[in-house]
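Student: Here you go, one structure.
Derivation of every value follows stated rules applied to the coordinates shown; laboratory data play no part. What you see is a predicted model, and the numbers here were worked out from it, not measured in a lab. When we count neighbours, we look across all protein chains shown, and the Cβ atoms used for this are built from the backbone with ideal geometry, even at glycine.
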Amino acid sequence: QVQLVESGGGLVQAGGSLRLSCAASGRAFSVYVMGWFRQAPGKERDFVAAISQRTVYADFVKGRFTISRDGAKNTVYLQMNNLKPEDTAVYYCAATNRGVATSSAGNYDYWGQGSQVTVSS
């Protein structure tokens, strides 16, 4: 079993930055692919970014968000710059020890509790 603990969400003005962190514990040695998804009120959960041997980004965050990982700490980060009000959502960390970085939520086996990001205009 893998536990994912997110941190770093909050309230920021448009144009500002936030960095989300997701620490994996438990059988973290087996986790290979880590990703971020987000869900706004009344909307479906959307893919944001993922990382394995490659990185994958949703089109709407390219050039603004960067995903990275610290293997020694079993932690993945999402640096979010130039935030927009439409980025407001609960952001979820996800992980799997199968496959490669993918945008499909069904490919991920473990999920964090979510971290609220609110961007004011």
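Student: Consider all pairwise Cα distances in region 3-121 and report the whole-number % of them above 21 Å. Please list the in-between numbers first.
Tutor: Working: 2051 of 7021 pairs.
The calculated P(r) of region 3-121 puts 29 percent of pairs beyond 21 Å.
Student: Moving on. Which residue, ALA95, ALA58, ALA23, tops the fluctuation ranking in a GNM of the chain built on C-alpha contacts under 10 Å?
Tutor: Among ALA95, ALA58, ALA23, the largest GNM mean-square fluctuation belongs to ALA58.
Student: If you average the sequence gap of Cα pairs under 8 Å that are 6 or more apart and divide by the length of the chain, what percent do you get for the contact order?
Tutor: 36
Student: What three numbers, in Å, describe the spread of the alpha carbons of region 80-121 along their principal axes, ordered from the longest?
Tutor: Rounded to whole Å, the extents work out to 39, 19, 14 Å.
Student: Below 16 Å, Cα to Cα, which aspartates and glutamates can LYS62 reach? Residues fewer than 8 away in the same chain don't count.
Tutor: Within reach: ASP46, GLU86, ASP87.
Student: Along the charge dipole of region 59-113, which of ASN74, ASN107, ALA89 sits closest to the positive end, that is, farthest toward it, with unit charges on the beta carbon of Lys, Arg, Asp and Glu (+1, +1, -1, -1)?
Tutor: Going by the charge dipole, the pick is ASN74.
Student: Quick check: net charge around ALA58, other residues with Cβ under 14 Å of its Cβ, Lys/Arg +1 and Asp/Glu -1? Could you put the intermediate results ahead of the total?
Tutor: On the way: positive: ARG38, LYS43, ARG45, LYS62, ARG64, LYS84; negative: GLU44, ASP46, ASP59, GLU86, ASP87.
Every neighbour counted, the sum reads +1.
Student: For region 1-70, compute Rg over Rh where Rg is the Cα radius of gyration and Rh is the Kirkwood radius from the inverse mean 1/r over Cα pairs. List each step's numbers first, then the result.
Tutor: Details: Rg = 13.3 Å, Rh = 13.7 Å.
Taking Rh as the inverse mean 1/r over Cα pairs, Rg/Rh reads 0.97.
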